[in-house]
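Note sheet for the following structure.
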Amino acid sequence: MKKFLLAILVTAIFQNAFSQNKDIEELTKLNQDWINSYVTKDTATLNKIFADDFVLISPTGTKMTKQDIISRLDQQEIVSTNVDSVNVRLLTGEVGLITAYTTYALKIDGKDMTGQTCYQKETVNGLQ
């Protein structure tokens, strides 16, 4: 009986670890999809990823809503963007926290702009 209970416990631990790794991979992909959506100006994907109450503070300190970001996509040309590092932590079974560092080169209104950003993004059920 003890061996049976031990086998069930070990199986449950491995299933939980596998599930967490799958969730982390999914959130990492979602983060990359977010970055790629800027480059391709994919507003449909951004609309799915961002919650309606999403707020971003730009590198210049400007507070931007979901609609601000999507409406400004046509005003900028993204020359390059790179996710330098990303760390995904699962806080609960439903909530994760993404911390990422990126570098970028943009052209906004004909002006070249380069920089680095760091952001944290809480996700609930893989969105926001």
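The values are calculated or read from the model by the stated rules, or taken from the named source; none is laboratory data. For clarity, every value in this text was computed on a predicted model and none was experimentally measured. Quick reminder, even Gly has a Cβ in these numbers, built from the backbone with ideal geometry, and neighbours come from all protein chains shown.
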Only residues that are surrounded by 13 or more Cβ atoms within 10 Å (Cβ to Cβ), more than 15 Å from the chain's Cα centre (by Cα) and part of a helix (DSSP H, G or I): list them for region 28-54, please. THR43
So which of TYR104, TYR38 ends up being touching a helix residue (DSSP H, G or I) at 6+ places or on another chain (Cβ under 9 Å), among the aromatic types (Phe, Trp, Tyr) and more than 28 Å from ASN21 (Cβ to Cβ)? TYR104
Odd one out for ILE78 among (1) modelled with pLDDT under 85; (2) closer than 16 Å to GLU122 by Cα; (3) in a strand (DSSP E or B): (2)
Any residue at all in region 113-127 that's in contact (Cβ under 8 Å) with a residue 12 or more places away in the chain, in a loop (DSSP other than H, G, I, E, B), of a type outside the set (Gly, Ala, Ser) and within 14 Å of LEU27 (Cβ to Cβ)? yes
Region 50-64 residues that are touching a residue at least 60 places away in the same chain (Cβ under 8 Å), paired with ones that are loosely packed, with under 12 Cβ neighbours inside 10 Å and part of a strand (DSSP E or B) (beta carbon under 7 Å, 6 or more apart): ALA51/LEU127
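Could you check region 55-68 and list, in sequence order, the residues that are under 17 Å from GLY115 (Cβ atoms), out of contact with any Leu (no Cβ under 6 Å at 6 or more places or on another chain) and outside any loop (DSSP other than H, G, I, E, B)? Break it down stepwise before answering.
Pass one, region 55-68, residues under 17 Å from GLY115 (Cβ atoms): 56-62, 64.
Then drop every residue that is not out of contact with any Leu (no Cβ under 6 Å at 6 or more places or on another chain), which leaves 56-62.
LEU56, ILE57 - these are the residues of region 55-68 that are under 17 Å from GLY115 (Cβ atoms), out of contact with any Leu (no Cβ under 6 Å at 6 or more places or on another chain) and outside any loop (DSSP other than H, G, I, E, B).
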